[in-house]
1. Is it fair to say residue 124 is part of a strand (DSSP E or B), among the hydrophobic types (A, V, I, L, M, F, W, C), modelled with pLDDT of 95 or more and closer than 18 Å to residue 37 by Cβ?
2. Taking the range 130-165 on its own, how many of its residues are open to solvent by 60 Å² or more (accessible area, probe 1.4 Å), of a type in the set (Gly, Ala, Ser) and closer than 28 Å to residue 91 by Cβ?
3. Please state which of the following conditions residue 205 fails to meet, knowing it meets all the rest: (1) outside any loop (DSSP other than H, G, I, E, B); (2) open to solvent by less than 70 Å² (accessible area, probe 1.4 Å).
4. Kindly establish whether residue 143 is part of a helix (DSSP H, G or I), on the phi < 0 side of the Ramachandran plot and more than 8 Å from the ligand (Cβ to nearest atom).
5. Return a yes/no flag: does the range 20-39 have any residue that is in a helix (DSSP H, G or I), open to solvent by less than 40 Å² (accessible area, probe 1.4 Å), touching a Gly at 6+ places or on another chain (Cβ under 7 Å) and in contact (Cβ under 8 Å) with a residue 60 or more places away in the chain.
6. Pairs please, first residue from the range 94-110 and in contact (Cβ under 8 Å) with a residue 60 or more places away in the chain, second anywhere and more than 8 Å from the ligand (Cβ to nearest atom) and among the small types (Gly, Ala, Ser), Cβ atoms under 7 Å, 6+ apart in sequence or on different chains.
7. Give all pairs with beta carbons closer than 7 Å in which a residue from the range 118-129 that is open to solvent by 50 Å² or more (accessible area, probe 1.4 Å) and more than 6 Å from the ligand (Cβ to nearest atom) meets a residue that is among the hydroxyl-bearing types (Ser, Thr, Tyr) and in a loop (DSSP other than H, G, I, E, B); count only pairs at least 6 apart in sequence or on separate chains.
8. Please pick out the residue among 228, 133 that is outside any loop (DSSP other than H, G, I, E, B) and either among the small types (Gly, Ala, Ser) or under 21 Å from residue 64 (Cβ atoms) (or both).
Amino acid sequence: MKVLVGVKRVIDYNVNIRVKADGTGVETENVRMSTNPFDEIALEEAVRLKEAGICSELVAVTVGDEASQETLRGALAMGADRAIRVHAEMPPQPLNVAALLAAIAREEAVDLVLLGKQAIDDDANQTGQMTAALLGWPQGTFASELTIEDGRARVAREIDGGQQTVELELPAVVTADLRLNEPRFVKLPAMMKAKKRPIEERTPEALGIDMRPRVERVEVSEPVSREAGVRVADVDELLHKLRNEAGVI
Ligand code: AMP
């Protein structure tokens, strides 16, 4: 079984995000970047499928600029057999990424596309769903458990107030939620070895995908800062404030 995993280079989750002064986006210059955490989970799951003898080839793909190669090196170090970068300016839009992933999934004749449930930079949560739709394949999103058996994927999904289990006929698209697994720590020697491995370079033109944006980002702004709270002495004072200061009762 062949598995394709999408990995995206995003601002590290520990970084305090700063909005650009002109409101066109967020600062990425001199900011620590890393692999989207949900993509590490997707990758870990694919590596486990390989270790279990279920996956025979694991291909990692990123859509991004030259710096995104770093993310692919991490994927190779973790256990990917091959790495593909599709050239794009950052940040590419989900529909364009989905079209590219679908084109590669078809070309590579993969059985499973494993993605993160969302990229933590734009929180779009769209790419997996759109990839499945473009391919006409079934999808299991927000997976917290994945089992492959007899050409089918069994996916336990986290839904409001419980869990739902779905069965998909392969080929299919699955997106990873937080509790699917705990990604392994990549050791330095594996990282060093990965630096020497080849990365296959592709372009949207060669894949026949139109990269024109479909969505215009109008403005990015900081969240409104909250006013500090006050401590009240008793219920009477609370009621007084709610009535006379906040005007809500
Ligand atoms: P999103 O729809 O942007 O929240 O992303 C959902 C998932 O799609 C991510 O967790 C990745 O697995 C995949 N993905 C999104 N953007 C890219 C990209 N530029 N390159 C590779 N995979 C991506």
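The values are calculated or read from the model by the stated rules, or taken from the named source; none is laboratory data. None of these values were measured; they are calculated from a predicted model. Note that each Cβ is placed from the backbone with ideal geometry, even for glycine, and that neighbours are counted across all protein chains shown. Protein only, heavy atoms only, side chains kept; ligands, DNA and RNA dropped before computing areas. Shrake-Rupley method; radii C 1.70, N 1.55, O 1.52, S 1.80 Å.
1. Details: part of a strand (DSSP E or B): no; among the hydrophobic types (A, V, I, L, M, F, W, C): yes; modelled with pLDDT of 95 or more: yes; closer than 18 Å to residue 37 by Cβ: yes.
For residue 124, the condition - part of a strand (DSSP E or B), among the hydrophobic types (A, V, I, L, M, F, W, C), modelled with pLDDT of 95 or more and closer than 18 Å to residue 37 by Cβ - is not met.
2. 2
3. Every listed condition holds for residue 205 apart from (2).
4. The answer is no for residue 143.
5. So far as the range 20-39 goes, yes, one or more of its residues are in a helix (DSSP H, G or I), open to solvent by less than 40 Å² (accessible area, probe 1.4 Å), touching a Gly at 6+ places or on another chain (Cβ under 7 Å) and in contact (Cβ under 8 Å) with a residue 60 or more places away in the chain.
6. Qualifying pairs under 7 Å: 103/208.
7. Between residues of the range 118-129 that are open to solvent by 50 Å² or more (accessible area, probe 1.4 Å) and more than 6 Å from the ligand (Cβ to nearest atom) and residues that are among the hydroxyl-bearing types (Ser, Thr, Tyr) and in a loop (DSSP other than H, G, I, E, B), the close pairs are 120/13.
8. Working: 228 fails: outside any loop (DSSP other than H, G, I, E, B).
Every option except 133 fails the conditions.
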